[in-house]
Every structure is written in C-alpha cells, then in structure tokens.
Amino acid sequence: MNENTLHDRPGAATEETGTRPVAGPGTRIEVTGLTKRFGEVTAVDGLSFAVEPGVVTGFLGPNGAGKTTTMRMILGLVTPTEGTATVGGRRYTELDRPSDVVGAVLDTSAFHPNHSARDHLRIYCAMGGHPDSRVDELLTRLGIAEHAHRRTRTFSTGMKQRLSLATALLGDPRVLLLDEPSNGLDPEGIAWLRTFLRELAAEGRTVLVSSHVLSEVQQIVDDIVMIRRGRLVAAGPLADIERYRPATVLVRSPDAERLRTLILDGTRGPAAEVVTADDGSLRVRGLTAAEIADLASAAGLRVHELSAGSTSLEQLFLDLTQDSTEQPEQNRRDEGEAR
Ligand SMILES: Nc1ncnc2c1ncn2[C@@H]1O[C@H](COP(=O)(O)OP(=O)(O)OP(=O)(O)O)[C@@H](O)[C@H]1O
C-alpha cells in the first residue's frame, strides 16, 4: 500500500480507534467513475456500477471492452487513472486480509505444471494464512479430491477451472471475481459451473463473472453489467433486459441494401432501426412486417422472406456492444442514459 492510498482512503480514522470495519456479509462491489488509460488507449472510461451480494452478476462485453482491466482495478492489481473501485466500502489495498474478503480467478493456467493439486492448494493456503483443513475441504467441495495427487499439467480445462476456484475460495471470501470462467468448458462443465456459482450466491456471496459470450453465461447469471469500449451500456437484472427485447422483423431480400436505405430514410413511416446481419439479411425494429412489405412493394423491391419475432438475447447483446457505425439509435439512447 502506498502513502497516497493511506491518506485519501475513507475509514482511515476508524482504523486509528481500533474499530476498523471489515467487509462482512452482504459485501457489495462498487465501481465509481473508473477510468484506466494505458498511454493512448482508454481501456476503461468513466465506468460506474454496483455488484450486489446474493446473486451472480455477469460482466459482459466483447473482447477488448475493458472487463479484465476493470477486474484488475477492483483487485488492486492496476491503479485507476481516475475513479474508485471498492469492496464492502474499501479499496482492495485497504483490506486487512484481502484473500479472506475477495477470491479471484483471472487465469486458469497459472499452475506449476509439476505440482499436484494438493501441493498447489497447500502453498496458496500457507501464503494466505488459512487453516490447512481448507485444502481437503475445498478439494472435496470442488469434486477433485480423487485427483488431489495428480500433477496439474495432466488436468483438463474443467479440472483446472475447479482447482482455480478452490484456490480462490481458500479464504472463504464473501466476494468472488471470475474472468471468463466458461471459456473452454464443455456443456457439462458449464452446467456444473452454473450450479456451483448459484450455490455460492445462495450463501450470500457476491459473484462477478466476466464473459464475452452472453449465451455461455445466460443460464448462470441473475444480473448483468454490459460494457463496450470501457463504457457502461446496460446494467440490471437479466430478466429486465429480456423484457425489453424489442420486436424485430427479419427481412431477406436481393434488394436488401436499397430496402435498408428506404427504411432508414424515415420519410415513409416511423423512425426504424436496421441492422444488417453477416448473411446480408436485415433485422428491422420499429416497423411491422406489413409496413415493410408495403414499402418494398411500392418501391418495386423484391422480398424473399419477412418474419416477425423478438430479437434473441444474443443478438441484443451484439447490437448493444457492437462497434459498427450501424449501432441502432435506440441503443445509443440506452447508452447515454446508462452513463
Ligand atoms: N497493460 C496494458 N497496456 C496497454 N493496453 C492494455 C493493457 N491492458 C489492456 N490493454 C488494452 O485495454 C483494452 C481493454 O482490455 P481488457 O483486457 O481489459 O478487455 P477485456 O474486455 O477483458 O477483453 P478480453 O475479453 O479480450 O479479455 C484493450 O484495448 C487492451 O488492448
């Protein structure tokens, strides 16, 4: 801890009186105006959000959105350029015994290849000052007790994930931060992870899980914090976000580009949003299928398919987080409100 953090931190006065609060049950993560610039690159840009205890929160955004950098700032591994990240009201570097408060898995390959799972946990247990009994407790809880003597280099991705989680849980922390935990897991592994993280949340812990693939964590998370280019795009219960999925009309047309221009023109009807998918089809919001058909027919444009439905959650995620200049107007409004 450096001198600056000692002087400007909240709660320093209570420490002197010996009544320093520790992060306890119901520990919240709070990120306020967090910014990180690496030279020319602004990785995180004025980000504010809270992560509540008792639920699993998904931290979502495409590759390079700033998720890892934000998690590293919460963990005191990267110093913010501006803003704060606190756990239970204190910055990580101000916590007495940080590994008793926050457990983190940032990299599941960080094992000595020749160490057994048990050796690995024993070392981290001693480093964190946790009781030895935690090693066997966690090997059992994570379902890897029978592999405790195997060298970690022989572990599958799923077993490494479990060992990483065991390491993070040695101090029985109230807060857990996991960076892309579903990466490389098969469906069975994801199902196991879902059950396990739900158990941790049900114990009142605060669980933050990052991912760049919404569909991988959709079944795991209760709340979401969605970012793009270091900025907040959406935050709240996943159920709320699902509720606001707008109705979309899928349009396949050999004249898609002309139809798109016509729809966006807006002079022939209400303002609409159009996203062109990779396969050239259009997804239109703000117009009904009948309105689009009439528009195309009046202009002599061919339409091969028109189908109404609601946007998939994955599509909503892509729409909200895409970098394309084709970002729909509604999303830009959402982003503005979220900031
Ligand atoms: N130490 C660093 N030096 C310079 N640029 C960095 C550094 N760390 C991250 N960045 C840049 O900051 C941006 C955000 O990166 P970050 O790893 O936080 O994103 P992410 O959302 O976690 O992405 P991914 O899903 O690919 O891990 C990227 O443009 C990245 O190249």
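The values are calculated or read from the model by the stated rules, or taken from the named source; none is laboratory data. Just so it is clear, the model here is predicted, and its values are computed rather than measured. Quick reminder, even Gly has a Cβ in these numbers, built from the backbone with ideal geometry, and neighbours come from all protein chains shown.
Annotations for the structure displayed:
- Selection of segment 302-327 for residues being buried (at least 17 other Cβ atoms within 10 Å of the Cβ), assigned to a loop (DSSP other than H, G, I, E, B) and either charged (D, E, K, R) or modelled with pLDDT of 90 or more (or both) yields only VAL303.
Table: residues versus (1) in contact (Cβ under 8 Å) with a residue 60 or more places away in the chain; (2) more than 7 Å from the ligand (Cβ to nearest atom); (3) more than 18 Å from the chain's Cα centre (by Cα).
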residue	(1), (2), (3)
GLY39	no, no, yes
LEU47	yes, yes, no
GLY54	yes, yes, no
THR81	no, yes, yes
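- If you go through segment 204-220 and keep only what is touching a Gly at 6+ places or on another chain (Cβ under 6 Å) and away from the ligand (no atom under 16 Å from the Cβ), you end up with just GLY204.
- Within segment 179-203, the set of residues being within 16 Å of the ligand (Cβ to nearest atom) and among the charged types (D, E, K, R) comprises ASP179, GLU180.
- Candidates in segment 56-79 are the residues that are surrounded by fewer than 21 Cβ atoms within 10 Å (Cβ to Cβ) and more than 27 Å from ASP319 (Cα to Cα); of these, the one that is farthest from the ligand (Cβ to nearest atom) is GLY76.
- Subset of segment 57-86 (residues that are assigned to a helix (DSSP H, G or I) and either outside the structural domain of VAL102 (by TED's automatic domain parsing) or among the hydroxyl-bearing types (Ser, Thr, Tyr) (or both)): THR68, THR69, THR70
- Checking each residue in segment 171-195 for being more than 17 Å from the chain's Cα centre (by Cα) and free of Cβ contacts under 8 Å to residues at least 60 places away in the same chain picks out ASP186, PRO187, GLU188, GLY189, ALA191, TRP192, THR195.
- Among strands (runs of 3 or more DSSP E) entirely within segment 196-288, having at least 3 residues that are assigned by TED's automatic domain parsing to the domain that holds GLN161 and either surrounded by 17 or more Cβ atoms within 10 Å (Cβ to Cβ) or at pLDDT 85 or above (or both) singles out 206-211, 223-228, 231-237.
- Condition check for GLY54 on (1) outside any loop (DSSP other than H, G, I, E, B); (2) in contact with a helix residue (DSSP H, G or I) (Cβ under 7 Å, 6 or more places away or on another chain): one failure, at (1).
- Within segment 124-146, restricting attention to residues that are among the hydrophobic types (A, V, I, L, M, F, W, C) and surrounded by 14 or more Cβ atoms within 10 Å (Cβ to Cβ), the residue that is nearest to VAL102 (Cα to Cα) is CYS125.
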